Amino acid sequence: MLGDCFLSFRFVFLSVSFLPIYFFLIFANSLFAEDKKVVSNSHKKKNPKLIVLSIDGFPGYYFDSPEILELIPNLKAFSERSSFSNRIRTVNPTVTYPSHTSMVTGTDPAQHGIYNNTLVDPFERNDGGWMWYAEDIAVPSLWDFASKKGLKTGNVFWPVTVGAGIDYNLPQIWRKRIQEDDKLLRVLSTKGLHKEAELSVGEPLNDVTKDSVKFKTGVWLWEKYSPDLMFLYTTDLDSSHHAYGPFSDQAKEKLKQIDSLFGEFIKSIRLYERDDLALILISDHGFHSADKICSPNLYLLNKGWIRQESSSYDLIFKSSGGSAILLPGKKNFLSEEEKISIGNDLETNCPGAEWRAGEEDLKFLRKTQHPNALGYLYTKEKIYFSGTRKGELFSSSKSMIHGHGYENTNPEMKTIGGVYWKGTRDETKWKMHSVKDVFVFSCRLLDLECK
C-alpha cells in the first residue's frame, strides 16, 4: 500500500514537472503556425484598385492600319503591354448606352433593360431624352457589388449613372447643352463634387466638355479621393467619326489628340510603375458608313399602323442606325402572314435590307436585345435605317452617313479593349472577347462576389 502511494506521488510529481515544457511546446507550435500564415499571406497578391476607361467609337480595324498606329504611340504601347484585342464583340444594338451598361452588368440589353440610347418615343413627348437614369438598369451593376464589399467608387461621365450608388459621381446628362445644364449636373452629382471638380480643374464640366477636361477630371478625382473602382468615359472620337467618318483627316487629328491625352493620363496615375492599380481600356462599337436611307416607319404609317392625327401606333420600328427592331404599341402580335408581308415589302422596297421574324429569330432577339421584339431589320450594306416618317421609304443620302448600330457580327462593329495589371502574366486568361468581359474581369480583379 505504501508502494502504491509512492508510485502515485511520483506520477503526479512527474506530470507537474513536465507541464511547463508541455505548454511551451504548444506556444511554440502556435507561433510557428502563425509565422507560416504570415509567410503565406505575404506571397498572396493584394487586389488592386481599378480604373475602367472607355474611348467611345473606336473601331477595331484601326489597329490593322500601320498609318493609324503611327498616330497613336501611347495606345499602341498599351496594346503591347496589356492583354489587348481589336476584335472585341459588342452587344446588339451596337450603340453607346446598351453597350456601356453591358460592360458594368455582364448582361445583354434584354436582361439589363437599357435597350437603346433613347426611349421609344415616336411623338417626342420626352423631348429627345436619353436613358440617363441608373434606376432603369434592371440588374445589379459593378458599383453595387463594389459597395457591398465596402469599396469606394468614382465616376466621370459614364453613361446611365444618374442616381447610381456611386460614392463620387459625376454622371452624364444634358437637356439643351447650354449653361443651364451645369446647374442640373451640380444637383445630380454627388453633393458638392461637380463644383469642386470645376474649381480644381479650372474649366466647365458638362456634356460639351472636351476629352482633355474629362481626363483631367479623372486624374483629379483619382488623386483626391482614391476610389477603389473608377469609371471614366470620353466622347470626342465618336463625335468626330459621326461628323467626318473614320480615316478622315479630322478623325486622324482627333486620334492623335486622344492618344496624347491617354499618354498623359497613364503617366499621371503611374500605371506602369505600380502593382496596386489596374486599368481596363475599352470601347463600345466600331463605325460604318452609309449612302442609302431606309425609313421603315414610313411603311408602317402608310399601312395605318402609325396614326399621326391621334399620336398613337400599333407597331413602331426603333432604329439604331444600322438596324431597326420592330416593337409593339397597341398591337403585340403578328400573324405569320403579316410577318411575311412586312418582310417581303421592306426587303423589296429597301434593297439590301434583311428581315428576321422567324420563331428562332424572335427567341434570340427577345433573349439578347429586347424582350418584346416582333421582328428585326438589318443590313450588311451601306444602308442607314432612319426613324423618320417623312420623305421616301428608300432614298440616296446627299452625303455619307457615318454611324453604327449594325449587327455585332459585322466586322466593322468590332472594337478594342485590354486589361493591364502588373499582377497579370497570362494574356489568354485576361483577354477580352466581348464588352461584357469588362464586368467579368472587374469582378475578378477586385475580388467581388458578382452573383
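The values are calculated or read from the model by the stated rules, or taken from the named source; none is laboratory data. Fair warning: this is a prediction, and the values are worked out from it, not measured in the lab. Methodologically, a virtual Cβ is constructed for each residue, glycine included, from the backbone with ideal geometry; neighbour enumeration extends over all protein chains shown.
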Next on the checklist: Quick check on the range 214-231: of everything there that is among the hydrophobic types (A, V, I, L, M, F, W, C) and closer than 14 Å to Val201 by Cβ, which residue is surrounded by the fewest Cβ atoms within 10 Å (Cβ to Cβ)?
Outcome noted: Trp220
Checklist entry - If you take the residues of the range 163-208 that are in contact (Cβ under 8 Å) with a residue 24 or more places away in the chain and hydroxyl-bearing (Ser, Thr, Tyr), which of them is surrounded by the most Cβ atoms within 10 Å (Cβ to Cβ)? => result Tyr168
Checklist outcome for this item: Scanning the range 232-275 for residues that are among the aliphatic types (A, V, I, L, M) and either in contact with a Gly (Cβ under 9 Å, 6 or more places away or on another chain) or not in a helix (DSSP H, G or I) (or both), the one surrounded by the fewest Cβ atoms within 10 Å (Cβ to Cβ) turns out to be Ile269
Checklist entry - Of the numbered conditions (1) surrounded by 22 or more Cβ atoms within 10 Å (Cβ to Cβ); (2) in a helix (DSSP H, G or I), His285 satisfies every one except a single condition; which is it? => result (2)
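Counting just the residues of the range 356-411 that are basic (Lys, Arg) and outside any helix (DSSP H, G or I), which one comes out farthest from Pro296 (Cα to Cα)?
Restricting attention to the range 356-411, the residues satisfying the condition of being basic (Lys, Arg) are 356, 363, 366-367, 380, 382, 389-390, 398.
Going one step further and asking which of them are outside any helix (DSSP H, G or I), we end up with 356, 380, 382, 389-390, 398.
Details: Arg356: 14, Lys380: 17, Lys382: 16, Arg389: 8, Lys390: 10, Lys398: 19 Å.
Ranking the qualifying residues of the range 356-411, first place goes to Lys398.
Looking at the range 135-146, can you tell me whether even one residue there is under 25 Å from Lys254 (Cβ atoms), surrounded by fewer than 20 Cβ atoms within 10 Å (Cβ to Cβ), in contact with a Gly (Cβ under 7 Å, 6 or more places away or on another chain) and of a type in the set (D, E, K, R)?
As a first pass, look at the range 135-146 and keep what is under 25 Å from Lys254 (Cβ atoms): none.
Taking every residue of the range 135-146 in turn, none turns out to be under 25 Å from Lys254 (Cβ atoms), surrounded by fewer than 20 Cβ atoms within 10 Å (Cβ to Cβ), in contact with a Gly (Cβ under 7 Å, 6 or more places away or on another chain) and of a type in the set (D, E, K, R).
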Checklist entry - How about the range 390-416: which of its residues are surrounded by 20 or more Cβ atoms within 10 Å (Cβ to Cβ) and more than 31 Å from the chain's Cα centre (by Cα)? => result Phe394
Checklist entry - Which pairs do you get when a residue that is in the same structural domain as Ser260 (by TED's automatic domain parsing), found in the range 58-74, comes within reach of a residue that is in a helix (DSSP H, G or I) and of a type in the set (Gly, Ala, Ser), reach meaning Cβ atoms under 8 angstrom, with the pair 6+ apart or on two chains? => result Phe63/Ser79; Pro73/Gly263; Asn74/Ser260; Asn74/Gly263
Checklist entry - Of these, Pro98, Pro93, Pro59, which one is surrounded by 18 or more Cβ atoms within 10 Å (Cβ to Cβ), within 12 Å of the chain's Cα centre (by Cα) and not hydrophobic (A, V, I, L, M, F, W, C)? => result Pro98
Checklist entry - Taking Lys252 and the conditions (1) under 20 Å from the mean Cα position of the chain (by Cα); (2) more than 28 Å from Asp144 (Cα to Cα), which numbered condition does it fall short on, given that it satisfies the others? => result (1)
Checklist entry - What is the number of the single condition among (1) in contact (Cβ under 8 Å) with a residue 24 or more places away in the chain; (2) farther than 20 Å from Ser323 by Cα that Thr90 does not meet? => result (2)
Checklist entry - Leu315 is checked against (1) in contact with a Lys or Arg (Cβ under 6 Å, 6 or more places away or on another chain); (2) in contact (Cβ under 8 Å) with a residue 60 or more places away in the chain and fails just one. What number does that condition carry? => result (2)
Next on the checklist: It is to be established whether one or more residues within the range 131-143 are among the hydroxyl-bearing types (Ser, Thr, Tyr) and assigned to a loop (DSSP other than H, G, I, E, B).
Outcome noted: yes
